[in-house]
Number of protein chains: 2
Amino acid sequence: MDTIAAYEELAARLRRIGALEEVAGLLNWDQETQMPPKGGAQRAEHAAAVASAIHDLASDPRLGELVAFAATAQGADAVNVAEAGRIHRRAVRVPPALAADLARASALGQEVWVKARTASDFAAFAPTLERIVALKRAEAECLAEDGISGYDALLDGFEPGTTAAELDAIFARLRPGLVDLAGRIAAKRPSAPAIAGQFPAEAQLALARRLGGVFGYDWQAGRLDLAVHPSCSGSAGDVRITTRIDPSDPQDCLYSTLHEVGHAVYEQGLNPAQAMLPAGMHASMAVHESQSRLFENQLGRSRAFCDFLFREMQTGLGSAGVADPDALWRLVNAVQPGFIRTEADEVHYNLHILMRFDLERALIAGSLPVRELEAAWNARFLADFGQAVPDARRGVLQDVHWSAGLFGYFPTYTLGNVYAGEIHAALQRDIPDLDARLAAGELGEVVAWLGERIHRRGRMVPPTRLIAEAVGRAPDERALLDYLEAKYSDLHDL
Amino acid sequence: MDTIAAYEELAARLRRIGALEEVAGLLNWDQETQMPPKGGAQRAEHAAAVASAIHDLASDPRLGELVAFAATAQGADAVNVAEAGRIHRRAVRVPPALAADLARASALGQEVWVKARTASDFAAFAPTLERIVALKRAEAECLAEDGISGYDALLDGFEPGTTAAELDAIFARLRPGLVDLAGRIAAKRPSAPAIAGQFPAEAQLALARRLGGVFGYDWQAGRLDLAVHPSCSGSAGDVRITTRIDPSDPQDCLYSTLHEVGHAVYEQGLNPAQAMLPAGMHASMAVHESQSRLFENQLGRSRAFCDFLFREMQTGLGSAGVADPDALWRLVNAVQPGFIRTEADEVHYNLHILMRFDLERALIAGSLPVRELEAAWNARFLADFGQAVPDARRGVLQDVHWSAGLFGYFPTYTLGNVYAGEIHAALQRDIPDLDARLAAGELGEVVAWLGERIHRRGRMVPPTRLIAEAVGRAPDERALLDYLEAKYSDLHDL
């Protein structure tokens, strides 16, 4: 069989897998935004059937043969062949029944989690989570290869080529810097700024849509809905985001939206010539998160952008709820240790992640039984944040991830923040009038920069190299720490 | 392999197929209600990938083996084994590439149709329809077996065991009765009743939801959305319907909704012990349509129900737009030959269907080229309805079916009306105070009757036998003609 014919058949199979992965994403979006209450049990079967179909395609011996036949492909084709090999190797190691069980348990897990979270009842969720952890441990065992085992095998599914040991090295340097900065800010006993007024849901959503457009989100290829947990799903011509509304705190909706818009603009900016193929897919979850956190934080919480946002809130919501852009900037950058990761300030956010990273590694290693997870969570939170967790809703039940079987995902958030720090530094270098653009709400050049250096490149090079080539140096945690130091020095006169 | 083990493996495979069919339904629902404008091309790939996955499962030689191993299964298991055999035989005859092409062409076809319909431009749709017809003819050729060929092979996918010749026999007796009745009504030159006022969309939707509840629709297991073409999709705990709104004509929304609620209550009432298995699926499209037309017409347009509906419209819409329940009854039963099938009265509706039945048989037979379809449509319409079709939007482009590859579907509408006539006669016999219940909006006993005799029985017996056992005699067209004769005699003093 010649390379060209083999590649074409391989690509057709990869596109089917890519299409079914998008279908799986849509099932999840629908479950969180549209599905009637009694649809949960069926939806678990839908998810399992699609996962099984993906698994059948990925584990098909024919795909392995085609990888061998197409071994001399070049360029983007070579990337797709290599990814096909990786997908095939991972799939043949996981028995079909386990793949279907995982999909079913994750879909059901989210249903149980939603109810348990509402009731703040970890015991109601624990048996479900125990089952999920057992399945994920079984999966990790199946996936082990080339010295990559246990937690690393799961992490590899989100962040190809990165190990927990490598993350440990970065996090070990990051952590003291964050703890030190948090301590110096706390010593200043900053007053908590407050926002005044009520902000109707419809006006918040309209402003969220407006901000999405400013940041380059094509609404003809997307939509915004409400959900318990803000998220982004889909790619190319159909990228959907969700957000949530607090009538007394528009920041929750607006900054959740900016975050998801960062993800969405990445997906909309992928190379259409490689649609549904690995070379046209996001590089890794950390690269994805770098885009969302950059929009939300480095850009969205900058002093310059607060000039723009203040005006937009006055126009769109009738009031910004604070006196002036400077007060808005202080408001959206308030530092206070809180219980909820997604509401955390930029100093404490990564401390939340580091804690989850350690806990989920212990769960997968088997050194922390699920029944002890809540106690372990609460003890660690008290140690890291100096506060006692009041209830499971604000503690161990706050995140959807574990209920959906997403182990190995959390640390990519902090790695994404590290990458966002590097990208922000590069943007400041390459777009000297960045602040003026942010103040005017003119983000076109920023989006073009990201599109060319990151979005359109898809999976053409490994994630670390992608970031290094985009910013011009090997990424590390210093840019993020320097950015935080500068920002909070300005804010608190450190 | 013993029968029990074989049956269990067979059932698991059937459930996967059933789940993927529900996913395909959801993709279609999402496309018509939620999908952003630029999502169409991808959605075609999603639909093709799911169709391919279904085809892979259905054509898997293992399924054929299991049918043989489980041949001695009893009861519902036997029904599932027989259906597995039928699914497998149909699937192995259609090459995978053709199955995928059909799914892709149908998804794209709907996109093209929506645009062409809006522009009233048949030429813009013709090349797409040509491709779909060619694919359906190829499919029909593949499916031919045991003397069932061409159009019959497609019809068999919607109405198992029924042939076009059998339909011809019923329709040949039905048609003169309808033409005669239409003529006698027209001779009376009935004045066209009118409705006065504007009825806001939200109030119409709220009333539609209320009526759904009255007819037994469980809203915890469903939802109502807007779409170009009203429809029902899903089963069991997740059955979704769509409707449309005309602010000056609430009948459009309300009766479309009653129609779809008839479908939905059927799907919600299937046997949960046979979920996602053939024995727990609807018996045929005609049986499905009998439920929707019964709700919409025999019950929904009855004089008694108009008492209830008049009160509900006063409460829910502020006004019924007419003076009294009698005027409402005359309004919702107005007879006038119109261009649009879905807006047709009960006398003309089946004449619309009979025309489509003949045209689509000619398309599949190859005796009518697609490029001549619009002219053939217009000529036939003039002959049957005495009116010249003013534009394609009100003519050949009005229905979604052909754009979605649904050939062999239309005649099941009229067969469903025939069944609804029989069921209505049986309900009148078995529930003597039916009129009082309709006037009070108390449909519980009706829904229970249908649930026991039709819904819960699923596919346990062939459709004709199911109806015969439900009503106590072999169904034919006389009950429908008698019902129409009685109703329109009352209305027009014939």
Per the 1/(1 + (r/R0)^6) rule, R0 = 51 Å and r from the Cβ atoms of B:Asp391 and A:Trp219, FRET efficiency to 0.05 is 0.95
Label points for B:Ala362 built 7 Å along Cα→Cβ; distances to same position in the other copies, nm, shortest first, come to 7.7
Around B:Ser292 (Cβ within 12 Å, Cβ-to-Cβ, excluding B:Ser292; K/R +1, D/E -1) the net charge comes to -3
Segment B:218-300: antiparallel bridges as % of DSSP beta bridges, rounded to 5, reads 50 percent
In the neighbourhood of A:Ala436 defined by beta carbon distances under 15 Å, the net charge of the other residues (Lys, Arg +1; Asp, Glu -1) is -3
Between the modelled labels at B:Ala78 and A:Ala486 (7 Å from Cα along Cα→Cβ) the distance in nm is 8.0 nm
For the pair A:Ser319 and B:Ala68, the simple spin-label estimate (label points 7 Å beyond Cα toward Cβ) gives in nm 7.9 nm
Length-normalised contact order of segment A:415-494, Cα under 8 Å, at least 6 apart, in percent, tallies to 47 percent
Cα-Cα longer than 24 Å, checked against B:Lys115/B:Lys136; A:Lys115/B:Lys38; A:Lys38/A:Lys115, kept in input order, equals A:Lys115/B:Lys38
Looking only at lysines whose Cα falls under 25 Å of A:Lys188's and that sit 8 or more positions away or on another chain, we get A:Lys487
In degrees, nearest 10, the alpha-carbon axis of helix A:201-214 is tilted away from the dominant principal axis of the alpha carbons of chain A by 70 degrees
One decimal, nm, nearest first: from A:Pro95 to the same residue in each other copy, label points 7 Å out along Cα→Cβ, the values are 3.7
The summed charge of the B:Ala123 Cβ neighbourhood (under 15 Å; Lys/Arg +1, Asp/Glu -1) stands at 0
At the level of C-alpha centres, the distance separating segment A:339-397 and segment A:106-181, in angstrom, is 12 Å
Rounded to the nearest 10 degrees, the helix A:410-430 long axis (Cα) sits at an angle to the longest Cα principal axis of chain A of 60 degrees
Per the charge dipole of segment B:165-492 (beta-carbon charges, Lys/Arg positive, Asp/Glu negative, Cα centre), the residue among B:Gln274, B:Gly405, B:Gln198 reaching farthest to the positive end is B:Gly405
Pseudo-spin-label distance A:Arg173 to A:Ala365, built 7 Å along Cα→Cβ, given in nm, is 2.3 nm
Taking alpha-carbon centroids only, segment B:37-79 lies from segment B:309-338 a number of Å equal to 46 Å
In degrees, nearest 10, the alpha-carbon axis of helix A:478-492 is tilted away from the dominant principal axis of the alpha carbons of chain A by 20 degrees
re the protein assembly as shown: pairs of Cα atoms spaced beyond 52 Å account for a percent value of 25 percent
The rounded separation in angstrom of the Cα centers of segment A:446-494 and segment B:223-280 is 50 Å
Where a ≥ b ≥ c are root eigenvalues of the Cα gyration tensor, a/c under 1.5 meaning rounded, otherwise prolate if a/b exceeds b/c and oblate otherwise, segment A:47-194 counts as oblate
At q = 0.08, 0.14 Å⁻¹, the log10 of I(q)/I(0) for chain A from a Debye sum over equal Cα scatterers comes to -0.48, -1.62
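Every read-out reported here was derived from the displayed coordinates using simple, explicitly stated rules and does not represent laboratory data. Keep in mind that this is a model prediction, so the values were computed, not measured. All Cβ positions, glycine included, derive from the backbone under ideal geometry; neighbour counts span all protein chains shown.
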